[in-house]
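Trainee: Take a look at this one; I'll ask things after.
The values are calculated or read from the model by the stated rules, or taken from the named source; none is laboratory data. No experiment lies behind these values; they were computed from the predicted model shown. Counting neighbours? That spans all protein chains shown, and the Cβs are built from the backbone with ideal geometry, glycine included.
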Amino acid sequence: MKVLISPLIAVSILNQAELIKKLCIKKGFEVEYKGTISTSDAKDPNVYSMLWFTLAGVPYIGNIAPAYLSTNKPKAIYVTIEGVPAKSLVMCSPVQRFELIANSYFTKSMLERVNLKVKDVVHHAVDWTLCQKLREESSKIRKKWDDEYGDRVKLLFVGRNDPRKGLSNLAKAMHIVNEKNEDNCVLLMVCEGMVKEMEDLSNVITIAGFGGMKYEQILAIIGACDYLVFPSVCEGFGLPVLEANAMGKPAIHAWFPPLSEFSSKDFNFVYGYAHETLVDNAKIQFWLFHEYYPEDLADMINFAIDIYKKDKSEYDEYCNKAIEHTKRFDYRRIYPKLLRHLGIS
């Protein structure tokens, strides 16, 4: 029997879809990816269940209706969102009849603001075993970095250059950090395009483009750094933080939901946000920005550098705690809950 998965074409979603696929195959099911699941697919006797995995904006989930509403087969719509869906679109759409599964309690709360039904929350996951296997590859990358950058603390940013990711804040923070620690750190960027404010910083270096690398390569790079810097102000989940912790690296990030649902103040370096702002995203949703002061990010980066330089044993303890913490987010523990909605036990 076959499970159909229709994922949004986005790096993080596709990587998570692969973990769900692996679990389905282990349970004895064939898995097929579909750009669109049709009513014909839904009626196919070889199709056991269907999973849509996408953004919870009406333009993304509205076209699911024909197949979703036409069958009583096991099915699930697994969604993320970074803010409040446009209510005007919801009110004139069949999505009001859907029962959604959210990837975070934050996503759930955003959807419920516009009266969408959420029947469950299933967090995202990591392949914890894979992360441990990649340490040898991380060691090779680290040796190369040590040859190039010496004993500087290796900070890492992985992500796109879009308004949610906070790169302008990171640029301002790095200018402050460099007043004290320019010779003690380097910020390595896996990103498409440098923000203008960073162009004059000699210790900010783009090492690869985002989106053109295999998932295992990204994880290995994360495992080679000392700290992941995650300056985002708005997330539906925030996978890089969880992935960094699974690779044994602390993350530096603002403490806001949904990051606060799976991160920890015990080993990550976190700071508060000042206020929330709704930002229109093409009339599809209103992003919920958790605005913070760049000075707070800079203070936390400086503190993290001091810990690494002055108390390596304390830093190593944070790394070990991060690894242990993420065992509970292994996909073999997380995604059986999602599979039960697909009729797979």
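Trainee: Just one of 283, 249, 265 is of a type in the set (Lys, Arg), more than 29 Å from residue 316 (Cβ to Cβ) and in the same structural domain as residue 218 (by TED's automatic domain parsing); which is it?
Mentor: None of the other options fit; the residue is 283.
Trainee: Is at least one residue of the range 1-10 surrounded by fewer than 17 Cβ atoms within 10 Å (Cβ to Cβ), at pLDDT below 95 and within 29 Å of residue 243 (Cα to Cα)?
Mentor: Scanning the range 1-10 turns up at least one residue that is surrounded by fewer than 17 Cβ atoms within 10 Å (Cβ to Cβ), at pLDDT below 95 and within 29 Å of residue 243 (Cα to Cα).
Trainee: Taking into account only those residues within the range 30-56 that are in a loop (DSSP other than H, G, I, E, B) and out of contact with any strand residue (DSSP E or B) (no Cβ under 6 Å at 6 or more places or on another chain), which is surrounded by the most Cβ atoms within 10 Å (Cβ to Cβ)?
Mentor: The residue in question is 44.
Trainee: Can you list the helices (runs of 4 or more DSSP H) lying wholly within the range 223-323 that have 1 or more residues being aromatic (Phe, Trp, Tyr)?
Mentor: Hits in the range 223-323: 259-262, 294-310.
Trainee: Got a number for residues in the range 172-221 being touching a residue at least 60 places away in the same chain (Cβ under 8 Å) and touching a strand residue (DSSP E or B) at 6+ places or on another chain (Cβ under 9 Å)?
Mentor: Adding up the residues that qualify gives 10.
Trainee: Does any residue in the range 128-139 that is in contact (Cβ under 8 Å) with a residue 60 or more places away in the chain and over 13 Å from residue 327 (Cβ atoms) come within less than 7 Å, Cβ to Cβ, of a residue that is of a type in the set (A, V, I, L, M) and part of a helix (DSSP H, G or I) six or more places away or on a different chain, and which pairs are these?
Mentor: Close Cβ pairs satisfying both conditions: 134/219; 134/220; 137/220; 138/220; 138/224.
Trainee: Within the range 92-127, how many residues turn out to be crowded, with 19+ Cβ neighbours inside 10 Å, in contact (Cβ under 8 Å) with a residue 40 or more places away in the chain and among the charged types (D, E, K, R)?
Mentor: Of the residues in the range 92-127, 1 are crowded, with 19+ Cβ neighbours inside 10 Å, in contact (Cβ under 8 Å) with a residue 40 or more places away in the chain and among the charged types (D, E, K, R).
Trainee: Let me ask something additional. In the range 194-222, how many residues are assigned to a loop (DSSP other than H, G, I, E, B) and not polar (S, T, N, Q)?
Mentor: Result for the range 194-222: 11.
Trainee: Which residues, taken from the range 304-323, are surrounded by 12 or more Cβ atoms within 10 Å (Cβ to Cβ) and acidic (Asp, Glu)?
Mentor: Hits for the range 304-323 are 306, 316, 317.
Trainee: What residue, among those in the range 168-193 that are among the aliphatic types (A, V, I, L, M) and part of a helix (DSSP H, G or I), is surrounded by the fewest Cβ atoms within 10 Å (Cβ to Cβ)?
Mentor: 176
Trainee: Look at the range 62-89 and say how many of its residues are surrounded by 22 or more Cβ atoms within 10 Å (Cβ to Cβ), over 17 Å from residue 342 (Cβ atoms) and hydrophobic (A, V, I, L, M, F, W, C).
Mentor: Looking only at that region, the number is 1.
Trainee: Look at the range 242-288 and say how many of its residues are touching a Lys or Arg at 6+ places or on another chain (Cβ under 7 Å) and acidic (Asp, Glu).
Mentor: 1
Trainee: Is it the case that the range 144-161 has a residue that's at pLDDT below 95, in contact with a helix residue (DSSP H, G or I) (Cβ under 7 Å, 6 or more places away or on another chain) and not acidic (Asp, Glu)?
Mentor: Yes, the range 144-161 contains at least one residue that is at pLDDT below 95, in contact with a helix residue (DSSP H, G or I) (Cβ under 7 Å, 6 or more places away or on another chain) and not acidic (Asp, Glu).
Trainee: Ok, one more. Among the listed residues 194, 110, identify the single one that is assigned by TED's automatic domain parsing to the domain that holds residue 279 and aliphatic (A, V, I, L, M).
Mentor: Only one candidate passes the filter, namely 194.
Trainee: Outside the structural domain of residue 89 (by TED's automatic domain parsing) and over 18 Å from residue 167 (Cβ atoms): which single residue out of 291, 276 fits that description?
Mentor: Residue meeting the stated conditions: 276.
Trainee: Let me ask something else about it. Suppose we filter 297, 288, 278 for residues that are of a type outside the set (Ser, Thr, Tyr), surrounded by 17 or more Cβ atoms within 10 Å (Cβ to Cβ), touching a strand residue (DSSP E or B) at 6+ places or on another chain (Cβ under 6 Å) and at pLDDT 95 or above; which single one remains?
Mentor: Only one candidate qualifies: 288.
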